[in-house]
Each structure stands twice: as C-alpha cells, then as structure tokens.
Amino acid sequence: MITRIVYPSALEYWLKEKGIPYQYWNTGNNKAGRAGISETVKQLTFTHPVHVAVPRKTNRHNTTITTFHTLPKHLPRNSFIRITDSLLISSPEMCFLQAALVLPLYMLVKLACELCAIYVLDPYEEYGQRNREPITTVSNIGEYLQNAKGISGVQLASQAIQYASDRANSPMEVNLATIAVLPISSGGFGIEKMLLNYDVPLTEAGAAHLGRNVCCCDMVWLEKKVVLEYDSNLSHLNRIQHAKDKARTTALSLSGYKVISVTAENLRNYRKIEDLFLMIRHALGMRTHKDRMEKYFDKRTHVVNSIMFPAVKKPW
C-alpha cells in the first residue's frame with residue numbers, strides 16, 4: 001500500500017528536514033487499509049494530523065492522526081517524490097501549487113523564497129538553521145505551473161512565482177526579498193528583483209583591496225550597481241569582523257557599487273522598514289509617487305507587519 005503525504009505535511013518535511021528521510025514504517029505488506037496508513041504516519045516526525053491523499057472522497061475518514069484529501073486527476077509529472085517503496089511525498093513544486101489554495105499572494109511569494117533558499121531550519125544548530133543545496137528553484141516551480149494549467153490555484157501561484165527569488169540564506173533575507181519585490185498595489189515596495197547571495201565581480205582596484213576577485217553579497221541589483229548587506233548582530237561583532245566588513249564595503253565601493261548596510265535596528269518597526277526601502281528605491285533611481293504610496297498604505301502596513309512581525313505561527 002502506498003501512502004502519499006501532501007500539503008501542508010509535505011511542506012513541513014521540505015522546510016525542516018535534515019537531508020535524511022524521516023523514520024518510517026514499511027507498510028508494503030500491510031493489508032489493514034486506512035488503519036495501515038494511520039500506523040505509518042505514527043512513525044513520521046510530522047505534526048499531527050498528517051495530511052494524506054486518497055483516491056476517492058469515500059476514503060476520507062479523518063482521524064486525530066490523519067487528515068485525508070483527494071487530488072486533481074491530471075497532475076503534472078514530478079508531483080510526488082518517492083521517499084521509500086511505500087511512501088511518496090508531494091514535491092516542493094506541488095506543495096507550492098497546493099498552498100495557493102489557502103495562502104494570499106504575499107505569503108505565497110514568501111513561501112517560494114523559502115522553498116528556493118540555500119538554508120534549512122534546524123533547531124540543533126546555533127542559529128536555528130544550516131546551509132543546504134536548494135530543493136527547487138524559481139525556474140523549476142514556474143515550469144511545473146506551466147504544466148498544471150486548469151488546476152485550482154495555478155493562476156495565483158503563477159502570479160506569485162514572478163516575484164520570488166532564489167538562494168535566500170536566512171529567514172530575514174526571505175522577508176526582505178518578499179517585501180521589496182511585491183508590487184505596491186499588493187502591499188510591497190515595487191522594487192525590481194534582485195540577486196541573492198551573489199558573487200559580485202570586483203574591479204582590479206576592488207580585488208586588490210579585498211584580496212580576491214569576487215565578493216558574495218546578500219542582495220544585489222547588478223545593473224544598477226547597488227548592494228544591500230544585512231547583519232543582525234552588527235553591535236556584537238569583534239574587531240576582526242568589523243575590519244573584514246569594512247574591507248568588503250571599500251572593495252565594493254572601489255568597484256563602483258553603492259552599499260546599503262542594514263541592521264536589526266533598521267527593521268524594528270514599520271516606519272524604519274519603509275524608510276529603508278524608500279532609500280533603496282532612491283538608490284536604484286526609481287521614482288516614488290507619494291499619492292500611490294499613500295493609496296496602498298493600509299495594505300502595505302498589513303503585509304509588512306504580517307511578514308516581519310507575525311503574531312501567530314506560520315499557516316504551514
């Protein structure tokens with residue numbers, strides 16, 4: 001018997017897994033039907049109830065351990081990934097499509113950035129995360145959605161993926177990238193997409209100062225030669241790290257880049273966040289129409305505060 005784990009349980013796996021499949025109980029020879037599924041998910045380190053796909057609505061009899069779902073008949077290829085002979089899990093791309101049925105646009109953009117990130121949450125690490133290769137990319141999600149035409153949620157998902165970025169390296173980078181790129185009418189600051197954790201090529205003068213030819217930067221608008229660097233613990237850095245950061249900034253400046261440094265102090269409340277992004281728009285040469293900003297002020301404060309200062313846990 002095959003068990004298919006779907007959103008939101010599958011998403012929990014992708015955003016928190018440690019690179020090794022969770023422990024499972026092989027139900028290949030189990031003939032107990034739905035009871036067998038319940039026994040399987042008891043062995044998974046998911047939050048209960050675990051969400052599982054079944055072929056027909058008549059199979060949906062929810063329990064405290066499992067919640068059952070039926071899926072569209074014609075899903076794109078690569079909708080499921082096999083974890084074991086008897087356990088399949090919704091792919092990151094399918095999770096994103098399923099999420100579009102319940103999440104608003106701004107949360108979908110944030111989710112896409114998380115799925116395409118180069119970190120994973122890990123409570124056993126010092127900062128609650130560790131590095132890993134991306135489990136998917138903006139391009140892969142977009143291609144999957146192209147093959148999912150006609151399926152519920154695909155229109156909103158396709159809209160959201162336009163604003164998502166690859167290679168975020170922390171939850172804060174995800175938040176900043178989401179707020180920056182969302183259109184003003186959707187609660188963001190309408191800034192053009194950036195590159196995240198990108199190796200910026202240095203000029204001869206910049207390379208000579210830093211001692212290498214490239215400098216990896218948190219956020220880069222390459223054509224406009226603007227860099228944003230975020231440090232949550234700037235006040236606690238030692239002298240050596242301060243010197244390294246100053247050398248990086250100098251090397252980038254010598255290479256023609258404007259560097260905007262961001263600390264936790266710049267992100268304490270909505271007004272400070274707005275000042276930061278208006279400064280970024282100015283650095284990028286983007287005109288800011290006061291009337292348009294004021295028109296969507298309420299929506300923007302709701303979106304920014306929801307992303308930056310969530311009062312409740314994530315909905316996934």
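Summary table
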quantity: Per-region count, the range 80-100, residues surrounded by 15 or more Cβ atoms within 10 Å (Cβ to Cβ) and without any contact (Cβ under 8 Å) to a residue 40 or more places away in the chain; calculated: 1
quantity: Odd one out for GLY150, checked against (1) touching a Pro at 6+ places or on another chain (Cβ under 9 Å); (2) closer than 26 Å to TYR198 by Cα; calculated: (2)
quantity: Residue in the range 181-198 that is surrounded by 22 or more Cβ atoms within 10 Å (Cβ to Cβ), within 15 Å of the chain's Cα centre (by Cα) and outside the structural domain of LYS290 (by TED's automatic domain parsing) present; calculated: no
quantity: Test: residue in the range 152-170 that is of a type in the set (Lys, Arg) and free of Cβ contacts under 8 Å to residues at least 24 places away in the same chain; calculated: no
quantity: The range 138-178, residues that are touching a Ser or Thr at 6+ places or on another chain (Cβ under 6 Å) and not in a loop (DSSP other than H, G, I, E, B); calculated: LEU145, ALA177
quantity: Failed item in (1) free of Cβ contacts under 8 Å to residues at least 40 places away in the same chain; (2) outside any loop (DSSP other than H, G, I, E, B), with LEU111 passing the rest; calculated: (1)
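The values are calculated or read from the model by the stated rules, or taken from the named source; none is laboratory data. Predicted model, so just to flag it, every value in this text is computed and none were measured. Virtual Cβ from ideal backbone geometry, glycine too; neighbours counted across all protein chains shown.
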